[in-house]
Amino acid sequence: MLLNPAMSAALERIAERAADVGRAFAPGAVPRHGDVETQTSGSTPTLDPLSAAPPDGAYFITVDDRGRTGYSRDGVFAFAGGKLTDSRGFAVMGRVTSGGPLEELHVDAVDASLDAAVGARIEPDGSIAYVRTAIDPRTGGRADRTVTIGRVALARFPAATGLDTADGQRFRAPEGVVPHVGLAGDGTFATLGPMKRERSRVDLDESLARLKDAYVAFDALAAAETAKERLGKTAMDIVK
């Protein structure tokens, strides 16, 4: 059976609805369809000390491997090769000093090579800290020192700014729109919520219901098309 335009469109709707179901499990994600969007997302506790929920209306700033800037509410961070990244592997931007430029945050190169950075965590002010463990060569004693590599930056856009997104998780600013950039707890941004994970803005139950509706609609179209083909075959047989 060949797919007609109506059936192709129905398959596209299934794919879109399935994508919204997937977004329900992504931190800070928004759905493609507004009929499954929740009014508030909130956050859930996590045991991961490198995870944090951003303040309302604020976004973390990331850069992909092509140098393109994006914005996300996904605060599930990790270190990859000594570089702080989000859950999708994008570099997380911050400031090493309060007045310094935006840059990627890295563990000290020596600590990274020696795998000496342990117990990494994020603080309410966005500071990324870890424990450096060293051994005194004279005494053999171990000494721990807390090292802070910088603070994660935040961005906020003017009210009613429509951000572009292809996947509902990573956003781009419209041309000509420049966000306000700052740090958590700096007087313009509230503090982060450490050891919390931002919920998505997708209602899982509603998105599953809409996906089921899309499948039912496709099945109905397929049945109608099958019946049409059988009717045409019967008509041809009568003519013969």
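Pairs linking a residue in the range 143-158 that is surrounded by fewer than 19 Cβ atoms within 10 Å (Cβ to Cβ) to a residue that is of a type in the set (S, T, N, Q), with Cβ atoms under 6 Å and 6 or more positions apart or on different chains, are Asp144/Thr133; Thr148/Ser127.
Summed over the range 159-189, the residues that are hydroxyl-bearing (Ser, Thr, Tyr) and either assigned to a strand (DSSP E or B) or open to solvent by 50 Å² or more (accessible area, probe 1.4 Å) (or both) give a count of 2.
Among residues of the range 121-140 that are without any contact (Cβ under 8 Å) to a residue 12 or more places away in the chain, those with a Cβ under 8 angstrom from a residue that is in a loop (DSSP other than H, G, I, E, B), sequence gap 6+ or separate chain, pair up as Ile135/Gly141. With the requirement that a residue be surrounded by 15 or more Cβ atoms within 10 Å (Cβ to Cβ) and farther than 26 Å from Ser98 by Cβ, what does the range 130-142 give you? Residue satisfying the conditions is Thr133 alone.
For the range 2-53, the set of residues classified as of a type in the set (Val, Ile, Thr) and under 30 Å from Gly185 (Cα atoms) consists of Val30, Thr38, Thr40, Thr44, Thr46, listed by residue number.
Residue-wise test of (1) more than 21 Å from Arg197 (Cα to Cα); (2) open to solvent by less than 40 Å² (accessible area, probe 1.4 Å).
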{"position": "Gly75", "(1), (2)": "no, yes"}
{"position": "Gly81", "(1), (2)": "yes, no"}
{"position": "Leu84", "(1), (2)": "no, yes"}
{"position": "Gly99", "(1), (2)": "yes, no"}
{"position": "Asp108", "(1), (2)": "yes, no"}
{"position": "Asp111", "(1), (2)": "yes, yes"}
{"position": "Leu114", "(1), (2)": "yes, no"}
{"position": "Asp125", "(1), (2)": "no, no"}
{"position": "Ile128", "(1), (2)": "no, yes"}
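The values are calculated or read from the model by the stated rules, or taken from the named source; none is laboratory data. As the structure is a computational prediction, the values presented were derived from the model and not from experiment. Glycine also receives a Cβ, built like all others from the backbone with ideal geometry; neighbour counts cover every protein chain displayed. Remember, those area values only see protein heavy atoms, side chains included, never the ligands or the DNA or RNA. Shrake-Rupley method; radii C 1.70, N 1.55, O 1.52, S 1.80 Å.
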